[in-house]
Amino acid sequence: MKLYNTLTKQIEEFVPNEEGKVKMYTCGPTVYHFAHIGNLRTYIMEDALDRFLRYSGYDVTRVMNITDVGHLTSDADTGEDKMLKGAKREHKTVMEIAEFYKQAFFADCAKLNIRTPDVIEPATACIDSFIAVIESLIEKGYAYLAGGNVYFDTSKVRDYYALTGHNADDLKIGVRDDVSEDENKRNKSDFVLWFTKSKFDSQELKWDSPWGVGYPGWHIECSCISMKHCGERLDIHCGGVDNIFPHHTNEIAQSEAYLGHKWCNYWVHVQHLNDERGKMSKSSGEFLTLALLESKGVNPLAYRLFCLQSHYRKPLVFSWETLANAEAAYNKLIKRITNLKTEGEVDAAALAAYREKFIEAVGFDMNTAQGITALYDVLKDKSLSDATKRAVIADYENVLALGLLAGKKEEPKKEEAAEIAVPEEDKWIVELIAERKAAKKAKDFARADAIRAELLEKGVTIVDTREGTKYTKN
Ligand code: AMP
Ligand code: ZN
């Protein structure tokens, strides 16, 4: 397959270090809040890559960290710890927050058919290995102690800016200037490996270290967790484009300084999901979650289709209208596929030819949109039997994972039958629920929300389930 490599800025033939095996590392979530649908775009596209590599016959080891310590509100190492901020917001402990949002994250992933990575490792479980690597970096002259913290000396590495393709001056524009410069740093781009001092509130979680009681910086976790599970040579490292600098740039600097050789060959970055205000981010107050999409009646897999329809290296603009288009396309696809007969012979030659077509499309820098075009071609192909179409779709589903064959024939009578059975005094509730359903169908979410609020005010709580909307009287 071919992949665009951020490191070389070219589309290259993908060749793993070891024949038939792929070691892949993907930066995981910072679990201080729900993932927003922008984060989930990145995870969907990484999942498609993971699945495509497996589909192509590779034995993939995919590792993901969980950032539960060290990620500060400013990527320039000078802000407050995000986890502590989350814990204060919710009057809980950092570990309670971490556990809650980790579970919420994987619940979202499950709804989006994102495969669970082979290894999931929280940063707090690897403190000893961080300390060992930092000690070695100090010994080798790549790190120094200043003002109680340990810093990585970026002037010691040869091509620190290789991944970004920018120089130090260009990047100053991107660095937030609402935080004061850390005077302990020898060079502006130096970063913290271990904190014992911060001007912010004391950390809840701290560990003993040769440099005093403290906690690790954010970048060291991904280098160490990757090396722990993937060894000294990594094939693919993924993340969103905002990770290129400083996070991945710093990962390369410290990993290669520690190892003494090249660490990762291919760097794959997913472009952002933007809304009308720009990049979607958790710190911007209100943000869109998968739960919010679901509360508006959107099937998570329609969001997966929305993402797969665009190329991962192009920014994707979110609007309710474009999402509604993807949802309509999704429902139509399900309907067409559900109507395919299951009986009949599968044409093996046609299956192989369509498989080839899909590999060619998606194998060119993960062109999932072309893969979906191939899917439509299958449905349109009059020379194929229904059974062959189903077989090709099942094959494509290994990568697309859109739940296309899970659709059942609609049973519209069921809900109506349930409605007839409601007691007389609840008829008004059922009527309002029906009105809300119609409002949602017409995308009149304001009316739908107003009905929910009205019911709640009158002591009725409603929950949307697969079998329709259920209500309980308080
Ligand atoms: P975080 O939980 O903030 O550490 O981010 C998790 C992942 O989501 C990282 O790989 C980020 O690069 C990525 N990410 C953050 N914001 C966006 C966005 N608006 N669109 C796509 N990916 C994003
Ligand atoms: Zn990372």
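Taken together, the values in this text are just the output of simple stated rules run on the coordinates, not laboratory data. Treat the numbers as computed from the prediction; the structure is a model and nothing was measured. Cβ placement follows ideal geometry from the backbone for every residue including glycine, while neighbour counts extend to all protein chains displayed.
Longer than 20 Å from Cα to Cα, which of Lys441/Lys470; Lys314/Lys443; Lys88/Lys206 are they? Say none if no pair is.
Values: Lys441/Lys470 17 Å; Lys314/Lys443 27 Å; Lys88/Lys206 17 Å.
The answer is Lys314/Lys443.
Please figure out what share of the DSSP beta bridges in the chain is antiparallel and state it in percent, rounded to the nearest 5.
Details: 24 of 47 bridges.
Roughly 50 percent of the beta bridges in the chain run antiparallel, per DSSP.
To the nearest 10 degrees, how steep is helix 127-139 against the longest Cα principal axis of the chain, on a 0 to 90 scale?
40 degrees
Report, to the nearest 10°, how far helix 94-111 tilts away from the longest principal axis of the Cα atoms in the chain, using its own Cα long axis and a range of 0 to 90°.
Value to nearest ten degrees: 40.
Before anything else, pin down the relative contact order of the stretch 17-274: Cα pairs under 8 Å, at least 6 apart, normalised by residue count, whole percent. Provide the component values of the computation, followed by the final result.
Numbers: 421 pairs, mean separation 66.9, N = 258.
For the stretch 17-274, the relative contact order is 26 percent.
Over the stretch 299-400, what is the relative contact order in percent, taking alpha-carbon pairs closer than 8 angstrom and at least six residues apart? Mind showing how you got there, number by number?
Numbers: 88 pairs, mean separation 34.5, N = 102.
For the stretch 299-400, the relative contact order is 34 percent.
Nearest 10 degrees is fine. How inclined is helix 368-380 to the longest principal axis of the chain, computing both from alpha carbons?
20 degrees
Hey, fewest Cβ within 10 Å first, where do Ser255, Ser281, Ser202, Ser223 land in order?
Details: Ser255 24, Ser281 14, Ser202 7, Ser223 27.
The fewest-first ordering by Cβ neighbours comes to Ser202, Ser281, Ser255, Ser223.
FRET efficiency for Lys88 and Glu294, Cβ-Cβ distance as r, R0 = 30 Å, nearest 0.05?
On the way: r = 28 Å, r/R0 = 0.94.
Computed FRET efficiency for Lys88 and Glu294: 0.60.
Can you tell me, using C-alpha contacts under 8 Å and at least 6 residues apart, the relative contact order of the chain as a whole percent?
Working: 711 pairs, mean separation 79.8, N = 474.
For the chain, the relative contact order is 17 percent.
Can you put Phe106, Phe152, Phe364 in order, fewest other beta carbons within 10 Å first? Each step should come with its number before you reach the end.
Details: Phe106 17, Phe152 27, Phe364 14.
Listing Phe106, Phe152, Phe364 from fewest to most nearby Cβ atoms yields Phe364, Phe106, Phe152.
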